[in-house]
Amino acid sequence: VQLQASGGGLVQPGGSLRLSCVASGRIFRSNIMGWYRQVPGKERELIASITSDDRTTYADSGKGRFAISRDNFKNTVYLQMNNLKPEDTAVYYCNYVVYHGDYWGRGTLVTVSS
């Protein structure tokens, strides 16, 4: 499984971004897709995840301002990020979990700065 994340960039505080991650290759019908983020010197942290039947889980970092969704026909997971803050600056990674393990994309950089 290959994961390609996109949608990152530079945004001002209070702005919004929508990240996308497309899964390709051998796609499993039952899976969990999620978004994580990482800043230098810190561990990668979960933002949110969503199952193939649309059950969502949010970590504290994703509650309130972020929304995860997916399109199973397009094998794509999205992360809508609103009211972004400078502390949201990080590399955002897409994750794909199936019964035998998980896969990671390369990440997309989000910079929140005025």
field: Subset tally (residues that are of a type in the set (V, I, T), closer than 29 Å to H100 by Cα, open to solvent by less than 60 Å² (accessible area, probe 1.4 Å) and in a strand (DSSP E or B)) for region 1-27
entry: 0
- prompt: In the list V1, V22, which residue meets the criterion of being hydrophobic (A, V, I, L, M, F, W, C), over 23 Å from T89 (Cβ atoms), in contact with a strand residue (DSSP E or B) (Cβ under 6 Å, 6 or more places away or on another chain) and modelled with pLDDT of 95 or more?
  reply: V22
- request: Can you tell me which residue among N75, N31 is free of Cβ contacts under 8 Å to residues at least 60 places away in the same chain, open to solvent by less than 60 Å² (accessible area, probe 1.4 Å) and closer than 21 Å to V1 by Cα?
  value: N75
query: Among (1) outside any loop (DSSP other than H, G, I, E, B); (2) touching an Asp or Glu at 6+ places or on another chain (Cβ under 9 Å); (3) small (G, A, S), which single condition is S30 missing?
result: (1)
- line: Listed by first then second residue, the pairs whose first member lies in region 34-60 and is open to solvent by 30 Å² or more (accessible area, probe 1.4 Å), whose partner is of a type in the set (A, V, I, L, M) and at pLDDT below 95, with beta carbons under 6 Å and at least 6 positions apart or on separate chains, are L46/A59
- prompt: Considering only region 86-101, how many residues are over 16 Å from R37 (Cα atoms) and surrounded by fewer than 16 Cβ atoms within 10 Å (Cβ to Cβ)?
  reply: 3
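The values are calculated or read from the model by the stated rules, or taken from the named source; none is laboratory data. In this text, all values refer to a predicted model and were calculated from it rather than measured experimentally. Note: ideal-geometry Cβ built from the backbone for every residue, glycine included; neighbour counts use all protein chains shown. Remember, those area values only see protein heavy atoms, side chains included, never the ligands or the DNA or RNA. Shrake-Rupley method; radii C 1.70, N 1.55, O 1.52, S 1.80 Å.
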